[in-house]
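Written out below as structure tokens is the structure these notes cover.
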């Protein structure tokens, strides 16, 4: 660095200090806002999870967040004296089925859309994503009529198909974006050595697209796990209900057992939290591709 440049750089040291102070102040404000939003969002969830281990008298009688004498009574009543296990089992079956179906169709469709060449391909892909913007209730009545005529209402298959119809457009678009990052040169090299397209897809493309596949699988699971609209339209029998619909039965008009409701909420929220916690690195990589 020349003497002139060095002198120019330190002409205004107060300006450098002022800029540095502004940057630090901006970071403090940003982190303060983020922490405040985190507390605002997470506190009700934390209160619900901790209240699951309280008796009704502790929930309404003490202001303490952490239970003084934790109890599993709410979970015992929930699992032995209510039909919640049926609701939870139905949700698990439907969510796993919808996730597998959505992931399979989105992966195959995204790969075919990426490697195939035809006119208006980008327009088609963007139109598919556009369908995701419509509210799910628009599909509820047509699906109800179709499955009613087929005699398939109140079966897990109905809800799997409905949830797949909701999640598939976005998942297909995301996988189309992700497969574009997989160089076709790897596949061409495998073809030269005699590999078939299916072998190339299974052994080369799928491992490279694993973060995207995991991302859409978690998204499809979340859509199915939390769905209320389709479940309330297509599942009318108690034995076929999933927990988003069934749990409202615990909210009686005269009295609400908040201990049981909180215990049910605890059991509902833990599986997605564990799923996201252990697969968060794949989620971040997978969803960043679509930006």
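At 222 nm, what helix-only mean residue ellipticity would the chain give, in deg cm²/dmol to the nearest 500, using -39500 (n - 2.57) for each DSSP H run of four or more?
Details: 14 runs with 211 residues, N = 291.
Here the helix-only value at 222 nm equals -24000 deg cm²/dmol.
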* Structure fact -> the stretch 69-100 and the stretch 155-179 have their Cα centres apart by a whole-number Å value of 25 Å
* Asked: Pick from 161, 45, 28: which is most flexible by mean-square fluctuation in a GNM of the chain where alpha carbon atoms under 10 Å apart are linked?
  -> 28
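Normalising by the residue count of the stretch 160-291, find the relative contact order in percent from Cα pairs under 8 Å and 6+ residues apart. Walk me through the numbers before you get to the answer.
Details: 88 pairs, mean separation 48.1, N = 132.
After rounding, I find 36 percent.
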* Specify which labelled value, from [x] 1, 5, 11, 14, 15, 14, 11, 8, 6, 4, 3, 2, 2, 1, 1, 1, 1, 1, 0, 0, 0; [y] 1, 5, 12, 17, 19, 17, 12, 8, 5, 3, 1, 0, 0; [z] 1, 5, 9, 10, 11, 11, 11, 10, 8, 7, 5, 4, 3, 2, 1, 1, 0, 0, agrees with P(r) over Cα pairs in 5 Å bins from 0, in percent derived from the coordinates of the model shown. => [z]
* **By average C-beta atoms within 10 angstrom, highest first, the peptides 151-158, 87-94, 271-278** => 87-94, 151-158, 271-278
* **Value of relative contact order over the chain, rounded to a whole percent, pairs C-alpha under 8 Å and six or more apart** => 28 percent
* Simple spin-label model, 7 Å along Cα-to-Cβ: residue 185 to residue 38 in nm? -> 4.2 nm
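For the stretch 50-179, state the semi-axes of the equivalent ellipsoid (square roots of 5 times the eigenvalues of the alpha-carbon gyration tensor), sorted largest first and rounded to whole angstrom. Don't skip to the answer; put the middle values down first.
Working: eigenvalues 361, 83, 37 Å².
Computed over the stretch 50-179, the values are 42, 20, 14 Å.
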* Return the distance in nm (one decimal) between the two label points of a simple spin-label model at residue 228 and residue 122, each offset 7 Å from Cα along Cα→Cβ. => 4.0 nm
* Taking 7 Å along the Cα-to-C-beta vector as the label spot, tell me the residue 193-residue 208 distance in nanometres, rounded to one decimal. => 1.4 nm
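The numbers here are math on the coordinates, done by the rules we state, and not lab data. Just so we're clear, the structure is a prediction, and the values are computed from it rather than from any experiment. Heads up, the Cβs are rebuilt from the backbone with ideal geometry, glycines too, and the neighbour counts pull from every protein chain shown.
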